[in-house]
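Some notes on the structure that comes next.
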Amino acid sequence: MKGTGLTEENAVDRLREIVGESHVFTDPAATAAYLTDWMGDYSGDALAVVRPGNTREVSAVVEYCGASGIAIVPQGGRTGLSGGGVPVGASPSVVVSLARMDAIRKFDDAGRTIIAEAGVILEVLQDQAAQRNLLFPLSFGAKGSCTIGGNLATNAGGSNVLRYGNTRDLCLGIEAVMADGSIINGLSGLRKDNTGYDLKDLLIGSEGTLGIITAAVLKLFPRPSTRETAFLSMASLDGALQALNVIQDRTGNSVEAFEYITQPLVDVICNTLPGIRAPLAGNVSTAVLLELGSSRSSDAEINGTGANRLRTALLDTLEALIEAGIVEDAVIAQSERERAEFWHLRESVLEALMANGPFYFFDISLPLANVAAFVGEMDSIAAKLGFQPLIVGHLGDGNLHYALTSNDGERWQGLPLELAKQEALALLQRLDGSFSAEHGIGQEKLELMRRHKDPAQLSAMAAIKQALDPAGILNPGKVVPIDPR
């Protein structure tokens, strides 16, 4: 390895010395789950899976691997959808799982922050915040298994970006191990710190290619004292975006989620997964799952109609939108159980798609003004090519998950998928969109980076990678289109 004369056995022995024998896996039965991505699309090989228990051990592993010419693949909850946590290339590599680093180090009640290690499960963090009547708002279907480190590494989005932002917006500081084993400690939690380059924002979203995030200071928010959740049938997609602004204006900017879903996808979910039913009867071409939240005690007060102020504002707004012909029908959750049913339908999308049969999945974003144009044109293209579009999206921030499956009577294997991809990307480029919104680049979208990313930006990225990881040991073959070692 790199001319050191070390054997693979020597390397594994040294890793066991660093983290303990029981935390280094080499047996195929133990490593298999770490070497294939969640979707089953990408697999790789590794000398070992190493599970350090603290930042010092991560540092020692990285320093040793760097000196020995061993690549490092950082890994969180293994819920990524772009192959970012799977080894690539022929050079020897080690998977570094942060799963054991799952401590909540500190709560700051005055600053409303929490310091969490990279291996903390998102839902665990949410529960810890709730115990203090606070909210960590990042949320999506994989919350029960994804980790904070993975969320930061991919700058994860989710359903509440509209109000609270991506993971980057929720982070005040990080601790990270760099390619030489040095440790960056930025866990002060300062909200203002203009002392040079912001390394935090550089490492967030870098998918472990510039450094390994081991802990973070995260923002907490007041927990809503009241929530209102509704499932809406809209007259059009343009009308849905118009409705969003009206609802924001009339409810004091209280919209937390505005999730778009099409009737064909609702049908797939209900037909594929047991116990899920459509909230609205009949054909709903443009459906929206709407959720409002308010921490103001006045919004939770019951008025003379028997409803609280937030619900009254929602009812009045929906009535006006129905009269204007923008909203066609609506149902408001009458209990926490009904709210959970609405969200269960939304969060079951990927599971239903996988159970339904072969599909291809675009994770894209567009300016809000261009969302309807993309959907209208791409739906027409897809139909002509024999595809059935199945669409769900975080409509409030312009992020669409646009899936293609075979239309009735069509065989998936015979459909022109590459042509459909080309058409979608050309349309996306014309409408000022992005081919990667919230799932990261990983290894899946490297070719798209080569073809469609601005050359000057790619050059800058490559220069940063070279400066921070000159030996190219950190997650090679991901994000920046440089050939794997």
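Every read-out reported here was derived from the displayed coordinates using simple, explicitly stated rules and does not represent laboratory data. From a predicted model like this one, the values you see are computed outputs, not experimental measurements. So basically every Cβ, Gly included, is an ideal-geometry build from the backbone, and we count neighbours across all protein chains shown.
Divide the volume of the convex hull of the Cα atoms of the chain by its number of residues and quote the answer in cubic angstrom per residue.
159
Classify the stretch 39-126 as rounded, prolate or oblate, taking a ≥ b ≥ c as the square roots of the eigenvalues of its Cα gyration tensor: rounded when a/c is under 1.5, otherwise prolate if a/b is larger than b/c and oblate if not.
Because a/c hits 1.5 or more and a/b fails to exceed b/c, the stretch 39-126 counts as oblate.
So the label point goes 7 Å from the Cα of Asn245 along Cα→C-beta, right? Which residues of the stretch 368-397 then have their backbone N under 16 Å from it?
368-373, 396-397
Using only Cα atoms and rounding to the nearest 10 degrees, what angle (0 to 90) does helix 455-468 make with the longest principal axis of the chain?
Taking Cα atoms only, the helix is inclined about 40 degrees.
Report, by chain and number, residues whose modeled amide H sits under 5 Å from the one on Glu256, excluding near sequence neighbours (fewer than 5 apart, same chain).
Under 5 Å from the amide H of Glu256: Glu291, Leu292, Gly293.
Of Gly357, Ala324, Leu125, which is farthest towards the positive pole of the chain's charge dipole, taken about the Cα centre with +1 and -1 on the beta-carbons of Lys, Arg and Asp, Glu respectively?
Positive-end residue among those listed: Leu125.
Full-extension gain between Ile183 and Ala103, please, as 0.36 nm times their residue separation minus the C-alpha to C-alpha distance.
27.0 nm
Going by average Cβ density within 10 Å per residue, which order do the peptides 377-384, 286-293 take, highest to lowest?
Ranked by mean Cβ neighbours within 10 Å, highest first: 286-293, 377-384.
Let me confirm the definition first: pairs of Lys residues in the chain, 8 or more apart or on different chains, C-alpha distance under 18 Å. How many are there?
Step by step, the pairs that qualify in the chain add up to 15.
So, in nm, how far is label Ile464 from label Asp169 when the simple model puts each one 7 Å beyond its Cα toward the Cβ?
Each label point is offset 7 Å from its Cα along the Cβ direction, giving 2.0 nm.
Quote the FRET efficiency, to the nearest 0.05, computed for Thr7 versus Gln429 with a Förster distance R0 of 41 Å and r equal to the Cβ-Cβ distance.
According to the calculation, E is roughly 0.25.
What ranking, highest mean first, results for peptides 81-87, 364-370 when packing means the other Cβ atoms within 10 Å averaged over each residue?
81-87, 364-370
List every residue whose amide H lies under 5 Å from the amide H of Asn308, counting only residues 5 or more places away in sequence or on a different chain, with H placed 1.01 Å from N in the peptide plane.
When sequence neighbours closer than 5 places are left aside, the close amide H contacts are Asn303.
If you bin the C-alpha pair distances of the stretch 411-485 every 5 Å from 0, what whole percents do you get?
Taking every Cα pair in the stretch 411-485, the percentages come to 3, 13, 21, 22, 17, 11, 8, 4, 2, 0.
Among Pro367, Leu290, Pro455, flag the residue with its Cα farthest along the positive direction of the charge dipole of the chain, charges on Cβ as +1 for Lys/Arg and -1 for Asp/Glu.
Positive-most Cα among the choices belongs to Pro455.
Rounding to the nearest 20 debye, state how big the charge dipole of the chain is about its Cα centre with +1 on each Lys and Arg Cβ and -1 on each Asp and Glu Cβ.
Roughly 840 debye for the chain.
Using each residue's phi in the stretch 448-454, evaluate 6.51 cos²θ - 1.76 cosθ + 1.60 at θ = phi - 60° and report the 3J(HN,Hα) Karplus result to the nearest Hz, with x for Gly and Pro.
My calculation for the stretch 448-454 gives 5, 4, 4, 7, 10, 7, 4 Hz in order.
Can you tell me the 0 to 90 degree angle between the C-alpha axis of helix 55-68 and the longest principal axis of the chain, rounded to 10?
60
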